[in-house]
Each structure stands twice: as C-alpha cells, then as structure tokens.
Amino acid sequence: MGQQTIRDGLLRLAANHRWTWTVTARSLLDSLPGAEPDRHPYEVVATLGEAQLEVLESEPRFVGRLTAELTDLDSALVGVKPATIAYCSPEFGITARLPQYSGGLGVLAGDHLKAASDAGLPLVGVGLFYRDGFFRQATDAGVQSERYVTLDPSTLGARDTGVEVTVPLPGREVVARVWTLEVGRTTLVLLDTDLDVNGPDRALTDRLYSGDRRHRLEQEMVLGVGGARALDALGFEITVYHLNEGHAGFITLELIDRLIDGGDLERAIESVRSGLVFTTHTPVPAGIDKFSQDLIAPYLALWAGRWEVDFDDLWSIGVDPEDVSQFNMAALVLRLCRSANGVSRLHGEVSRSLFAGVGIGDDITHVTNGVHARTWVGDEAQALYDEVAGTAWDAGDVQAWARISELDTGRIGSLRHAAAVRLGKRVREATGHEVNPEALIIGFARRFAPYKRATLMLEHREELEALLDDSERPIHFLFAGKAHPMDVPGKQLLADIVAYAEGRGPSGGFTFIPDYDMDIARTLVEGCDIWLNTPIRPREASGTSGEKAALNGGLNCSILDGWWAEMFDGQNGWAIPESEDLEARDQVESASTLEAIAEIAGMYHSDRPSFVDRIRHSWKTLGPRVTAARMLEDYEREIYLTR
C-alpha cells in the first residue's frame, strides 16, 4: 500500500462520519500524527506530510488496521437504497468536530440520521452549513462570552456537489452552494450562501440561531425552499418530507409551486399534504417560530403573485390563531401536513392542547425520542456489552439488555469506576477541579434556559452545603451547558452556578465545565452515577441526555416530565415529586430534590448492592426503550408508512 493509497484510504474513512460511532475507526483516526480533539480527522489526513505517510506505510499493523476499516466501511455501504424520505432540520449534531448544532434538537437530528444508516432506511438529511457554526463558550467571573470559529466545509469531509440553487427573496435571488456529507449509509445535504455572487447575502448562513428576525426568516427560506430545490437538483425522488420543527416549513412553498395549476391553491395543498410530516418539540407558545406580518408580507407576496392567488389566501395558511398579525410556522405546517407528532407521550398530550383547532393539531400523536446507542455509550461499556450480550443491544433488543442486566456486581463496579476516573481526568484538565471517583457523581448538563432550573438546588443552600460537606458520603455535582447569546435570564442562571462553583473551590464537590459540546456530553453521561433533571413540568418536551446516561449505567433523578414521565417505574431511578402549589413550586421542588439526593447518597455509600440492583433494573427496563433504533422503528411504522 503506497503513500497515496494510504492517504486516499484515510480520506475516504474520515469523510464518512460512520467513524463517529465505530470505535475502531475512530481510534485509528485519532492515532494519526496531528490528531487533536477539536480537529476533524479529514483535515488531519489532508495535512499529513510525506515523511509522516512514509512512517505509516512502514507499519504493518497500521496498514492492516486501515485495510480492515475500509473493508468494514465498504461492507456497510453495500445495498444503499436511493433516499425517498427527506429529514429537514435547522441543525445536525453528528460530532463535536463538526459544530453544526446548538443542543438537543440538533443532536437528536444527528442520531436520527445515524439510526437511519444502521437500519438501511432510505433517508436523506437536509440542513444549512453554518460557516461560523455555533459559538464557543468562555466564562469570566461567571459571565458567558461567545466566540466563533470560521469553518471550511472542504476540511470537514464535505463534498462540493457542483450544484447551486436559487432562492427568491424580495428584490433579489440568493444562490446557495450544495454540499453533501456522508453519515454511514445516509447522506446529509447542506446549503451554503457564502458566495461572492451574493454580496451581503453571503452571510445568510453564517451562524446558527443568530441575527435579527429578518436574518432568521431568510435563513429559513434558504433551508425550506433551497432545501427542496437542492434535493431535486441532486436527483432525489422524495415521497415523504419530515420537518424536524417548523424551521424548514417554507419547503411547503416550493412543493406547492410544483403542483399548483391555474391558481388552484386548495388542490395543490391537498397534493402536498400526502407527503408532509411534522415533529414538534415545542411545549409552550413562546417556543414557536413566528414572524410579524410587516416583516414576512413581501416574502409571501412573491409566491402569491407567482401563483396568481390572493395574498390573504396564502397568509391564512400560516396565520397565528391567537394573533392575526403573526405568521406562525407551526400553524403553517399543521395546516398542510398529513401527520404530526410530539416527542414523548406527555408532550403529545401537551401539543394537542397547545395546537387545538389548528390544522391537524387535535390529532397530534407522539414518538418518544431515543438516542443512538453506539454514539453515546462509552467504548469500554460497548466492548463489555458486545461480550455478554452480542451486538444487537444497540438496536434495543430486549434479550440483549436482559443479559446486560445480569452482569455481576464486580464487573459493574469496575466499569463504573473506570468511567468515573476518565471523567475526573477530563474535569481536571478543563477546570482544575478534583473529582473523587468514589464520590456519588451527579451530572446536570443541558441548555441554560430558565424552565430547566439549573439553580433549583441553590434555593436551599444550607441543605446543599450539608450534603457537600458530608465527608462520610461524598458527593460531586458537575454542571455544563450554554445559554443562548440573547437569553439574559439564562445567562444569569449560568453565572449563579459558576459563582457557586468558584466559591466552593477546586475540592468543593461542585464544578462547572465550560464550552459544553458532544464530546463533553459523552464523557459526562458515561461517568456520572446520577443524571439530574429539574424542569418545570410539562415544559421538557422529551429530553434525551438522561437516556444516554441510562444506557451507560447511570441512574436518573428527575421531575416526571418528558420521556421520564412514561418510563419511570419506581425502581429504575428516582422521581422528584411535583408541587401543586405554583407560587411555592421552586422552594418545594428544591427541597424535594435535595431530599432525593440525600436518599440516593445514603444508598450509594451504605447499601451499594441495592444501588447496583437499580442499575441492573434500569438497564433491563430502559435499554430496549431509549435507543434511536426503537425511535426510528416507531417513525417508520407509525409516521412514514402511514397514509
């Protein structure tokens, strides 16, 4: 195998993001000279020098590993079917080294693509390529600051298809270049407006969730209209368009445009309806994407004029049911789709209430979110699961998880201790804080939004201090997460957590880890003993981080919201009681949270067999239910194939 052959093989391996959930491929790429946690392996390979390639060529073991990985990749790609389902999302979390996500919505989308690859489902992803991605976080005296790193898609394994599409905007057209990324057997199509021909519009796809309302509106026009045109230009014959939230809702304009005949809008809408499905992640009205009539009217007028229909007829499709001056993206899609779902059983109920009387809002069903097991389970745990249960556990096989739950106490203890040590090392490198691997390690990592109540425990500081200062039953809290740059209350919550952590000091059992991303998340869900979740019920549509912890052997302690409301059985974790007194809710639920943690700490340190029994029960009852493989089966059976 010559040097060029080695480089070509490594580039092919790095360009297909199957390595993000294939332990051996990731290990090989991470062993290359110049590999760093923040560098995409495609860039690493592209910059290898001749001398470095010569060394690699001279190592038979390396050549053998590379040959085996390429053979495995080729085998995985056999029988790829042409995609007929388009999964449209404003963000995709594939890996921390491809920062095109902000949080749970994007990570879910990435897991959806990976699960589709595993299952061989003919699905293609559609999104935007953000040149500056999402922000990198720093905290100075508790104040979050944001910085952006400019990205070049060609160094991230993306392929320039040579295709460009145009998107009509008032007074001009914007051109978007079309890139593709390979995610196993699944293709992800990304649109990028950073072209000279666009002038100021080249910045439309600059950053994820940034800019003013006009910027957001025009991004969503590119995502929806441009996304549909890109799929068509690439030759995809799509029969189902799945909108992950309403951000891609303007895809309906392009689909109607293809079918409208003589201005018959109703007939065109009925034709579009048969192929449109919608997933909502919004449990509160404030979370719905809306645009004022003053802002959006010129954009909609382009299409009304093109179709020769009355503007009011087009406006009525998306008009907000509560405020006729607003265009509501969820209402638009609900009035045009054939199927809609929430992302947990409880969220389905909330959504039917929230969208009652809007399109098919009364018929919203649910598909509870799941997580891609091979992405989120630690390498050592994967090896152990494969050994004792075979390789079907990642697909949610009931018998496989039953065998995992029968692991003896010694092996479970060794697995959990090793994960805690790795987590402690990561925390020490990031913050200088020390984590005792024998302590009860409690993780809280998610977006710092007010309803998630990161500071809930600080309502009772004396009780919290008593827990933290108990040397007989050591506890360590680990916090991580970002606040949206425009979310002032969220930033204040973050500042309060950082201040408390700094006040406790490096050995105080309370740590904030900055710049939360998928890599930090993976280390946390692998190493934490308890995953804490304290949202205001029922504002957590689903949540998935606790599912990731459960697969690794962590136990959940949570308000009964989102996925936990339907999967908690009294023994597979802990439920924090909900207060019926809304005025005293935070005080009451803070006290309940601390009481639950005290109970857990007592069991962990004084009755370890009972704690391990809960891990076993959690594996047995949750393992088959929280995987993205199960989620995808539900979508395929209940959403995609239902007409």
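Going Cα to Cα from K81, which lysines come in below 24 Å? Please leave out same-chain ones fewer than 8 positions away.
Filter leaves K114.
Taking the structure as given and computing Rg and Dmax of the Cα atoms in Å, which label from (i) 31.5, 104; (ii) 28.8, 102; (iii) 24.7, 78 fits?
Given (i) 31.5, 104; (ii) 28.8, 102; (iii) 24.7, 78, the structure-derived one carries the label (iii).
Could you please report the charge total around A549, scoring K, R as +1 and D, E as -1 over all other residues with beta-carbon less than 10 angstrom from its beta-carbon?
Charge balance near A549 sits at -2.
Step through the table entries K425/K548; K548/K620; K482/K620; K425/K452; K290/K548, compare each Cα-Cα distance with 24 Å, and write down the pairs that go over it.
Those over the limit are K482/K620; K425/K452; K290/K548.
What ranking do 419-429, 614-624 get when scored by the average of other Cβ atoms within 10 Å per residue, highest first?
Highest mean packing first, the order is 614-624, 419-429.
Using the Karplus curve 6.51 cos²θ - 1.76 cosθ + 1.60 with θ = phi - 60°, what ³J(HN,Hα) values do you get for each residue of the range 397-413, in whole Hz, with x for Gly and Pro?
Taking θ as phi minus 60°, the curve returns 5, 5, 5, 4, 6, 5, 5, 4, 5, 8, 4, 6, 4, x, 5, 5, x Hz for the range 397-413.
For K491, K81, give the ranking by accessible area with the largest first, probe 1.4 Å. Spell out each step's value before the answer.
Numbers: K491 50, K81 130 Å².
Final ranking, largest accessible area leading: K81, K491.
Which percent of the accessible heavy-atom area of the chain goes to carbon and sulfur, probe 1.4 angstrom?
49
Taking θ as phi - 60°, what are the ³J(HN,Hα) couplings along the range 68-77 by the Karplus curve (6.51, -1.76, 1.60), each to the nearest whole Hz, with x for Gly and Pro?
Karplus values, whole Hz, x for Gly and Pro: 5, 5, 5, 5, 5, 5, 4, 5, 5, 8.
With a/c under 1.5 counting as rounded, go ahead and sort the range 548-643 into rounded, prolate or oblate using the C-alpha gyration tensor (a ≥ b ≥ c being the square roots of the eigenvalues; past the cut-off, prolate if a/b is larger than b/c, else oblate).
Since a/c reaches 1.5 but b/c is at least a/b, the shape of the range 548-643 is classed as oblate.
Can you tally the net charge around L156? Count Lys and Arg as +1, Asp and Glu as -1, for every other residue whose Cβ sits under 13 Å from the Cβ of L156. Before the final figure, lay out the partial values.
On the way: positive: R39, R97, R131, R159; negative: D38, E43, D152, D160, E182, D192.
Value of the local net charge: -2.
Add +1 for every Lys or Arg and -1 for every Asp or Glu among the other residues with Cβ under 13 Å from the Cβ of D529, and state the total.
Overall, the nearby charge balance is +2.
Quick check for you: with a 1.4 Å probe and neighbouring chains kept, what is the accessible area per residue of the chain, in Å²?
Dividing the accessible area of the chain by its residue count gives 37 Å².
The values are calculated or read from the model by the stated rules, or taken from the named source; none is laboratory data. Bear in mind the structure is a predicted one, so any value in this text is a computation, not a measurement. Here the Cβ is made from the backbone with ideal geometry for all residues, glycine too, and neighbour counts use every protein chain on show. Keep in mind that these areas ignore ligands, DNA and RNA; they rest on the heavy atoms of the full protein, side chains included. Shrake-Rupley method; radii C 1.70, N 1.55, O 1.52, S 1.80 Å.
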